[in-house]
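Heads up: the structure comes next, in structure tokens.
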Amino acid sequence: MTALARIEDEARLVHHASDNGIAAVRLAAAERVSSPSGLSTLVKQARRDKQVARLARERLARQRADAEQQAAASAERERLLEASKRTRTVPGSHSTRRA
């Protein structure tokens, strides 16, 4: 396991997570894979180890959901910013109070 801790190359981690003969090493390597491409590769290659495949699928799904949520929030910010700009450029819109 200490040798695994020194591995920084994600492709090597994917290799160990999918092909190592020791289940604990496969799982430890899988936990260190973090990029979407590495997780996708791991999902495809880790079919014999259901725990590793599930971990990779769940992390990949979480990353995708987070990215979608971030994109939606960004789009909402842009929509609000544009609405704010339009409100400021309409003549007489600076005062909405009635006497």
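Quick rundown of the values:
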| item | result |
| --- | --- |
| Lys/Arg +1, Asp/Glu -1 at C-beta; the range 2-88 dipole; positive extreme among 43, 21, 74 | 74 |
| Mean shadow area of the chain, taken as a quarter of the surface of its Cα convex hull (nm²) | 10.1 nm² |
| Longest exposed-site-free window of the chain, the sites being trypsin sites (Lys or Arg not before Pro) in a DSSP loop that have at most 13 other C-beta atoms within 10 Å | 49-96 |
| The range 1-41: Rg to Rh, with Rh as the Kirkwood radius over Cα pairs | 0.92 |
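None of the figures in this text is laboratory data; all of them are computed from the coordinates on show. All values derive from a computational prediction rather than experimental measurement. Cβ coordinates were reconstructed from backbone atoms using ideal geometry, including for glycine residues, and neighbour counts include every protein chain displayed.
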